[in-house]
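Derivation of every value follows stated rules applied to the coordinates shown; laboratory data play no part. This is a predicted model, so every value here is computed, not measured. So basically every Cβ, Gly included, is an ideal-geometry build from the backbone, and we count neighbours across all protein chains shown.
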Amino acid sequence: PVKVFPDKFSASKRVAHRIADIINFKSSKGENAVLGLATGQTPVEVYAELVRMHREEGLSFKNVITFNLDEYYPMNPTSAQSYVAFMKHHLFDHVDIRPENINIPDGTLNKDEIHDYCLKYENRITEAGGMDIQILGIGRTGHIGFNEPGSAPNSGTRLVTLDDLTRSDASREFGGKENVPTKAITMGIGTIFKAREIMLLAWNKKKAPIIKRAVEEKMSGDVPATYLQMSENVEFILDEDAASELT
Ligand code: F6R
């Protein structure tokens, strides 16, 4: 289903409140909440609202385990462009999550370590019980995580090559496209489907054409986000601009 909100702020509040409900429900049963998290511009206000709820309403992350979708490769976690730095800046440094409960793909591995690492990442997700909720953005290529066009619906966590458009869109953060890594480690589409609930978020006119394709086009690897049409447990959370080309 598609849900359209007047703006990204009201939409982000709705998403943050759903996440908080899951955390509180799980903790009332003495269980961990397992969150699948995204980086990029789109979820920034979601994390801001979660931080506010932690500060003002006592929302605790003590029983939360997180798995991030992806990280550039190679990437040093201390680098400003790393998704580790992003997550610390927007969420982890401001809440009471246990550092050992945070999982983000490691961008510092040697090439020959990546395959085993990815299998372990996948196993850790399974051992944690799968994600209770997975938050997604969408790239203009139709990628979710960094599953670019051509990704298989049953793909697992792996090293991938970034699409040219994806690297162009990241060029500002890196001060030039030539500085954007050509690869990334990402959860697969199959990994994302381990989540019991999925919310794909998109704001702005810039995302309107790809949202139209993701929601309305026949499912195919040309637009990986179309695979989300397979599941009943997916919500497309849009602002009016991102929804503006839907028929
Ligand atoms: C980020 C990720 C990507 C982004 C997508 C949109 O962890 O997996 O799929 O969600 O590239 O990025 P923004 O939100 O910056 O437009």
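Some values worked out for this structure:
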read-out	value
Helices (runs of 4 or more DSSP H) contained entirely in the range 140-195, each with at least 3 residues that are within 18 Å of Gly221 (Cβ to Cβ)	164-169, 189-192
Residue match in the range 113-126 (condition: surrounded by fewer than 18 Cβ atoms within 10 Å (Cβ to Cβ) and more than 18 Å from Thr186 (Cβ to Cβ))	no
Scan of the range 228-242 for residues that are assigned to a strand (DSSP E or B) and over 8 Å from Asn204 (Cα atoms), ordered by number	Val234, Glu235, Phe236, Ile237, Leu238
Residues within the range 154-181 that are over 19 Å from Tyr83 (Cα atoms) and in contact with a Gly (Cβ under 7 Å, 6 or more places away or on another chain), tallied	3
Given (1) basic (Lys, Arg); (2) assigned to a helix (DSSP H, G or I); (3) free of Cβ contacts under 8 Å to residues at least 12 places away in the same chain, number of the condition Lys206 does not satisfy	(3)
In the range 92-113, the residues that are over 10 Å from Thr39 (Cβ atoms), among the aliphatic types (A, V, I, L, M), assigned to a loop (DSSP other than H, G, I, E, B) and touching a helix residue (DSSP H, G or I) at 6+ places or on another chain (Cβ under 8 Å)	Val95, Leu109
For Arg213: the one exception among (1) of a type outside the set (A, V, I, L, M); (2) within 16 Å of the ligand (Cβ to nearest atom); (3) free of Cβ contacts under 8 Å to residues at least 60 places away in the same chain	(3)
Pick from the range 44-93, criterion surrounded by fewer than 17 Cβ atoms within 10 Å (Cβ to Cβ), among the polar types (S, T, N, Q) and away from the ligand (no atom under 16 Å from the Cβ), ranking: farthest from Ile144 (Cα to Cα)	Ser60
Residues located in the range 90-130, provided they are of a type in the set (A, V, I, L, M) and under 13 Å from Thr157 (Cβ atoms)	Ile104, Leu109, Ile114, Leu119, Ile125
Counted residues, the range 122-139 - those being away from the ligand (no atom under 12 Å from the Cβ) and in a loop (DSSP other than H, G, I, E, B)	5
Meets criteria (closer than 19 Å to Thr157 by Cα, surrounded by fewer than 23 Cβ atoms within 10 Å (Cβ to Cβ) and among the aliphatic types (A, V, I, L, M)) for Ile198	yes
Strands (runs of 3 or more DSSP E) fully within the range 1-90 counting 1 or more residues that are on the phi < 0 side of the Ramachandran plot and among the aliphatic types (A, V, I, L, M)	2-5, 33-37, 64-68
Members of the range 140-161 that are more than 7 Å from the ligand (Cβ to nearest atom), touching a residue at least 40 places away in the same chain (Cβ under 8 Å) and not charged (D, E, K, R)	Thr141, Gly142, Asn147, Pro149, Gly150, Ser151, Ala152, Pro153, Thr157, Leu159
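Here is a yes/no grid of residues against (1) buried (at least 23 other Cβ atoms within 10 Å of the Cβ); (2) within 17 Å of Trp203 (Cβ to Cβ); (3) within 19 Å of the chain's Cα centre (by Cα):
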site	(1), (2), (3)
Lys3	no, yes, yes
Arg14	no, yes, yes
His17	no, no, yes
Ala20	no, no, yes
Ser28	no, no, no
Gly36	yes, no, yes
